[in-house]
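To start, the structure under review is shown below, and the notes come after it.
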Amino acid sequence: MEKFEQIFSFINDKAEKYEKDEGMSFLDGVLQALEDVLDEKESWIGKEATKEEVRKAVQIAILKGMRKTSQPNHQMTPDTLGLLVGYFVEQFFEDQLKNNPISMLDPAVGTGNLLFTVMNLLNDKVSATGIEVDELLIRLAADTAELLEQPVLLYHQDALQKMLVDPVDAVICDLPVGYYPNEEVALDYELCAHDEMSYAHHLFIEQSINYTKDGGYLFFLIPANLFESNQAKQLQKYLKKHAWIQAVIQLPENLFASKAHEKSILILQKQSKELRAPREVLLAKVPAMSNKEALSMFFEKVQMWKENK
Ligand code: SAM
């Protein structure tokens, strides 16, 4: 058995035991299993494993739990998307990462899978903050961060309310999509929609920009139709004022269950007086992951754009 399978089996067996003996949900059982390891009630089978092996094993266990309970806000960012986001973070921060670590915020951190995929990829050169409104998810994220020994500060709160976070170099976020129910809080935003409820995903973009340093970058997984909704004009106007669109990357359709679930990557830079907008916005489509040739052409296109930007 591979190391990550051994770790998964270990967590799985414990979670199933909690499910059977204590009547817990499988996901609560996973959490309990991780806490037992951290409290040293169990010896940890993942001691010799890499951070990626531990992340993958925990991720599979959490996914199994999410499938069993199917709560609508229990979604995890899949590895393929996390690795692509990580690739772009690496490209945009290439120079800075040679000498200094970067600070990062994920305001909808969920289980942390997206954040930890990116942090592991960047080889411990990131210190991060994560925000999440769902208590079970943030507890899973906190335990995973501790097992991975990744420096992450986590806050259990509504990310659209005031946060105790200093401006960061980079934001990454798989945006929660839908209407934001707290209309009073929405009033504080330029992107508040006055004739209907505001879109949470728009407010998340504004809030993320608020907590980014001037010249910092933001990497969002957005609904593919973000710029086609009835609130899109307001968003475009807002972006023009505060950010420079660096890239809009379409993702392969076969990564998503249906057209309505399709996502793209939107990369923004917060405007700064010392900097200028890119000469050209990178518009590209990631080919199917199985098409190696097309994939290497895609990466070449990104490199060429980067050299001329
Ligand atoms: N990247 C995450 C991962 O890998 O697990 C998944 C993110 S999921 C698409 C969006 C997350 O946003 C959900 O976990 C949801 O609970 C959270 N969320 C929704 N509204 C929120 C709010 N107002 N403040 C903080 N988190 C929120």
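If you take the residues of segment 108-146 that are assigned to a strand (DSSP E or B) and within 10 Å of the ligand (Cβ to nearest atom), which of them is most open to solvent (accessible area, probe 1.4 Å)?
GLU132
Go through segment 153-174 and give me each residue that's more than 13 Å from the ligand (Cβ to nearest atom), not in a loop (DSSP other than H, G, I, E, B) and not charged (D, E, K, R).
LEU153, VAL168, ALA170
Confirm whether GLU196 is more than 13 Å from the ligand (Cβ to nearest atom) and assigned to a loop (DSSP other than H, G, I, E, B).
yes
Of the residues in segment 48-98, how many are more than 12 Å from the ligand (Cβ to nearest atom), among the polar types (S, T, N, Q) and open to solvent by less than 40 Å² (accessible area, probe 1.4 Å)?
1
Go through segment 189-200 and report how many residues are open to solvent by 70 Å² or more (accessible area, probe 1.4 Å) and either of a type in the set (Ser, Thr, Tyr) or in contact with a Lys or Arg (Cβ under 9 Å, 6 or more places away or on another chain) (or both).
Number satisfying all stated conditions: 1.
Conditions (1) more than 15 Å from ALA159 (Cα to Cα); (2) open to solvent by 20 Å² or more (accessible area, probe 1.4 Å); (3) in a helix (DSSP H, G or I), marked per residue:
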residue	(1), (2), (3)
PRO176	no, yes, no
PRO181	no, yes, no
VAL185	no, yes, yes
HIS202	no, no, yes
SER208	no, no, yes
GLY216	yes, no, no
VAL248	yes, yes, no
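Working only within segment 254-309, note down all residues that are in a loop (DSSP other than H, G, I, E, B), open to solvent by 40 Å² or more (accessible area, probe 1.4 Å), hydrophobic (A, V, I, L, M, F, W, C) and free of Cβ contacts under 8 Å to residues at least 12 places away in the same chain.
ALA257
Out of segment 147-164, which residues are open to solvent by 20 Å² or more (accessible area, probe 1.4 Å) and farther than 27 Å from LYS263 by Cα?
If the condition is that a residue be open to solvent by 20 Å² or more (accessible area, probe 1.4 Å) and farther than 27 Å from LYS263 by Cα, then LEU147, GLU149, PRO151, LEU153, LYS162, LEU164 are the ones that fit.
Considering VAL85, VAL30, which residue is touching a residue at least 40 places away in the same chain (Cβ under 8 Å), β-branched (Val, Ile, Thr) and under 16 Å from MET119 (Cβ atoms)?
VAL85
The values are calculated or read from the model by the stated rules, or taken from the named source; none is laboratory data. Keep in mind the model is a prediction, meaning the values are calculated, not measured. All Cβ positions, even for glycine, are placed from backbone atoms using ideal geometry, and neighbour counts span all protein chains on display. To get the accessible areas, we keep the full protein, side chains included, count just its heavy atoms, and leave off ligands, DNA and RNA. Shrake-Rupley method; radii C 1.70, N 1.55, O 1.52, S 1.80 Å.
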